[in-house]
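One structure is given below, encoded as structure tokens.
The values are calculated or read from the model by the stated rules, or taken from the named source; none is laboratory data. Since the model is a prediction, treat every value here as computed from it, not as a measurement. Glycine gets a Cβ as well: all are built from the backbone with ideal geometry, and neighbour counts include every protein chain shown. In case anyone asks, the SASA skips ligands and DNA or RNA and just uses the protein heavy atoms, side chains included. Shrake-Rupley method; radii C 1.70, N 1.55, O 1.52, S 1.80 Å.
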Amino acid sequence: MEIERKYLIRQIPFSLDDHVFHRIEQAYLCTEPVIRIRREDSRFYITYKSKGLMIREEHNLPLTEESYRHLLKKADGNIITKKRYKIPYKNTNGSYTIELDIFSDIFEGLILAEVEFTTEEEALAFVPPDWFGEDVTFSSKYHNSTLSSSNL
């Protein structure tokens with residue numbers, strides 16, 4: 001189960017130089033249900049995601065690079081590329097990891113932050129940092145599967 005909140009980011013108020021990042025390339029074989037393939041650095045996955053906005057089922061299985069390349073040719077729409085930074089964040093409710101996605105290519109300029117939670121209650125009680133912009137958790141417009149078939 002995946003429980004996450006998602007926010008638009010207009011400006012990052014600090015340097016990302018000290019934060020670890022991963023290069024991600026992903027594409028969609030189907031968007032209902034969501035079947036995604038992903039390359040994250042040198043690892044490859046196929047993922048199934050159920051319908052939903054803040055709470056969704058998610059199942060990941062490993063792929064070989066050869067399988068990923070084969071399936072990439074069969075993908076529909078845009079191939080999404082981004083850098084994902086892992087940023088620690090603490091507030092009065094706990095410690096979290098912000099996954100900050102900085103998109104490139106067709107979505108250059110788009111920056112989204114995602115924070116995952118263990119319960120729905122925790123997600124609903126989350127107080128984001130001041131530099132987070134609009135909460136887009138309950139809009140499918142910024143799901144990567146939607147981006148795969150749009151130009152924003």
Exercise. Each label point is 7 Å from the Cα along the Cα-to-Cβ direction; what then is the distance between the points at residue 106 and residue 12, in nm?
Worked result: 2.3
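Using the Cα centre of the chain as the reference point, and only Cβ charges (+1 on K/R, -1 on D/E), how large is the resulting charge dipole? Debye, rounded to the nearest 20.
Charge dipole of the chain: 440 debye, to the nearest 20.
Defining a contact as two alpha carbons under 8 Å apart and six or more residues distant in sequence, what relative contact order in percent does the range 1-132 show?
Numbers: 271 pairs, mean separation 38.8, N = 132.
Relative contact order for the range 1-132 comes out at 29 percent.
How much accessible area per residue does the chain have, counting only protein heavy atoms and a probe of 1.4 Å, in square angstrom?
Numbers: 8400 Å² over 152 residues.
Dividing the accessible area of the chain by its residue count gives 55 Å².
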Exercise. Within the chain, what is the longest stretch that has no chymotrypsin sites (Phe, Trp or Tyr not before Pro) placed in a DSSP loop and near at most 11 other beta-carbon atoms within 10 Å?
Worked result: 15-137
For this session: Taking 7 Å along the Cα-to-C-beta vector as the label spot, tell me the residue 54-residue 125 distance in nanometres, rounded to one decimal.
Result: 1.3
Exercise. Which parts of the range 115-148 would a label at residue 45 reach, counting a residue when its backbone N lies under 13 Å from a point 7 Å out along Cα-to-Cβ?
Worked result: 116
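Compute the signed sum of charges (Lys and Arg +1, Asp and Glu -1) over the other residues within less than 14 Å, Cβ to Cβ, of residue 55.
Working: positive: 5, 6, 49, 51, 56; negative: 2, 4, 57, 58, 114, 116, 120, 121, 122.
With Lys, Arg at +1 and Asp, Glu at -1, the net is -4.
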Exercise. Carbon and sulfur together cover what percent of the accessible area of the range 14-140 at a 1.4 Å probe radius?
Worked result: 51
